[in-house]
Amino acid sequence: MIYYTILLFVILDFLWTQYLAYRNRKRMNPNIPEQLIGIYDQEKYQKQQAYQKENSRIGLFSGFVSFVIILLILVFNGFGYLDQYVRGYIHNSILVSLAFIGILYIGNEIISLPFSLYDTFVIEKKYGFNKSTLQIFWIDQLKGLILSVILGGLILTLLIWFYNGFGNYAWLYAWGLITAFSLFMTLFYSNIIVPLFNKQTPLEPGELRNAIEKFSQKAGFELTNIYVMDASKRSTKANAYFTGLGSKKRIVLFDTLINDLTTDEIVAVLAHEIGHYKKKHIIQHLITSIYIGVLLFILSFFLNNSTLALALGSEIPSFHLGIIAFSILFTPISLLLGLLMNMASRKNEYEADAYAASFGLGDSLISGLKKLSVEALSNLNPDPWNVFVYYSHPTLLQRIERLRLNNQE
Ligand SMILES: [Zn+2]
């Protein structure tokens, strides 16, 4: 019974994803839609449509490959065999789970590698986004692998240890661990992780730095850490982000952003980011933390559950089979929760935009966002269902409309 439920969920999830992708493809149009005239010119629009088409095709293919693989594994009892195989060599229950998850992780990495290569060196290159070399690519892969083995391995070991030995309170320990880890990452991400991949240099004194400092003073936002990151060594796509808490907070600008946008536009983009901070979207993190706690609590009932292990083809209940069953059986709920989180996030984006606009930066924000969207060949005419389900940000047109309303007030 549970076995068929798992199978059904995998199939329904695939069909739902494919249906949404189909809705987006159906909206593609060789003629520029009226509402995009003035944002895209004819030539850039054609390029965007071609780019979208190629991305959608590769997405379709990779989604199909993953689906077939997971289906084959379920039908032919793959998880059960792997479990048995690992147990033939290892007897410690923590090590069995680690080896089992490790093998699946490596397998998944190997399957996704060709797609990643194709995306970077065929599609992104063809449209002029890729600046990465094969050398950078492979070194990134290697660093990523080492990082996930160390960090992922450490956290996983502790989680398995808690759940195997701490009984009813295991989820509380797990929650503490995950909360501590994410807090640590918020504080030290840009000091520890980013330097492994990119160089960050303090923004040089000059017009831009003055403008940013002037703005942050006006906004009552103490900001001393403004960094530029050499994102251009991989891609021409531009971005900026905000990290840290308290005195560790820092703004990181991609060097590509500085090339593409004017000073006013950059200040407007930063005002938006500061808006998130000022509007206490930190509360959001608190809600996320509670959500993780609930998730870990529910997870307790799945781990070491013999019915679930049996459904996946093993006589012996374990942490690793429990987590696989959980991740599949939880799909409908996580879909729903993802949807709610995206709704909340879109609301926050409007508020952060309004914050920037309250400093008279609305027009600069509009022109900055337009440039960023057009440069990245973004799909500016997405299907509303896709926006509703997947988008953490409102579409460009929605944001422009709202900003114009703000301007009139
Ligand atoms: Zn935002």
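The values are calculated or read from the model by the stated rules, or taken from the named source; none is laboratory data. Values in this document were obtained by computation on a predicted structure and should not be read as measured data. In this analysis, Cβ positions are derived from the backbone assuming ideal geometry, glycine residues included, and neighbour counts consider all displayed protein chains. Surface accessibility is based on the protein's heavy atoms, side chains included, excluding ligands, DNA and RNA. Shrake-Rupley method; radii C 1.70, N 1.55, O 1.52, S 1.80 Å.
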Among the candidates L98, L142, residue that is without any contact (Cβ under 8 Å) to a residue 12 or more places away in the chain and either farther than 30 Å from A21 by Cβ or open to solvent by less than 80 Å² (accessible area, probe 1.4 Å) (or both)
L142
Kindly evaluate I328 against the criterion of being touching a residue at least 12 places away in the same chain (Cβ under 8 Å) and either on the phi < 0 side of the Ramachandran plot or within 16 Å of the ligand (Cβ to nearest atom) (or both).
yes
Helices (runs of 4 or more DSSP H) fully within the stretch 188-287 counting 3 or more residues that are surrounded by fewer than 19 Cβ atoms within 10 Å (Cβ to Cβ) and either within 16 Å of the ligand (Cβ to nearest atom) or at positive phi (or both)
263-278
Residue by residue through the stretch 301-342, note down the ones that are at pLDDT below 90, farther than 17 Å from M1 by Cα and of a type in the set (S, T, N, Q).
N304, S334
What is the number of the single condition among (1) closer than 21 Å to K237 by Cβ; (2) surrounded by 17 or more Cβ atoms within 10 Å (Cβ to Cβ); (3) not hydroxyl-bearing (S, T, Y) that A357 does not meet?
(1)
Only one of (1) in contact (Cβ under 8 Å) with a residue 40 or more places away in the chain; (2) open to solvent by 60 Å² or more (accessible area, probe 1.4 Å); (3) under 24 Å from the mean Cα position of the chain (by Cα) fails for R27. Which number is that?
(3)
Looking at the stretch 306-326, which of its residues are open to solvent by 70 Å² or more (accessible area, probe 1.4 Å) and not acidic (D, E)?
T307, L310, I316
Condition first: open to solvent by 60 Å² or more (accessible area, probe 1.4 Å), at pLDDT below 95 and more than 30 Å from L321 (Cβ to Cβ). Can you find one or more residues in the stretch 163-176 that meet it?
no
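Matching residues to (1) touching a residue at least 12 places away in the same chain (Cβ under 8 Å); (2) within 16 Å of the ligand (Cβ to nearest atom); (3) assigned to a helix (DSSP H, G or I); (4) touching a strand residue (DSSP E or B) at 6+ places or on another chain (Cβ under 8 Å):
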position	(1), (2), (3), (4)
L303	yes, no, no, no
E315	no, no, no, no
I324	yes, no, yes, no
I333	no, no, yes, no
L336	no, no, yes, no
L340	no, no, yes, no
S345	yes, yes, yes, no
N348	yes, yes, yes, no
A354	yes, yes, yes, no
With the requirement that a residue be more than 16 Å from the ligand (Cβ to nearest atom) and without any contact (Cβ under 8 Å) to a residue 24 or more places away in the chain, what does the stretch 371-403 give you?
P384, E401
Confirm whether L295 is more than 16 Å from the ligand (Cβ to nearest atom), open to solvent by 60 Å² or more (accessible area, probe 1.4 Å) and over 30 Å from I32 (Cα atoms).
no
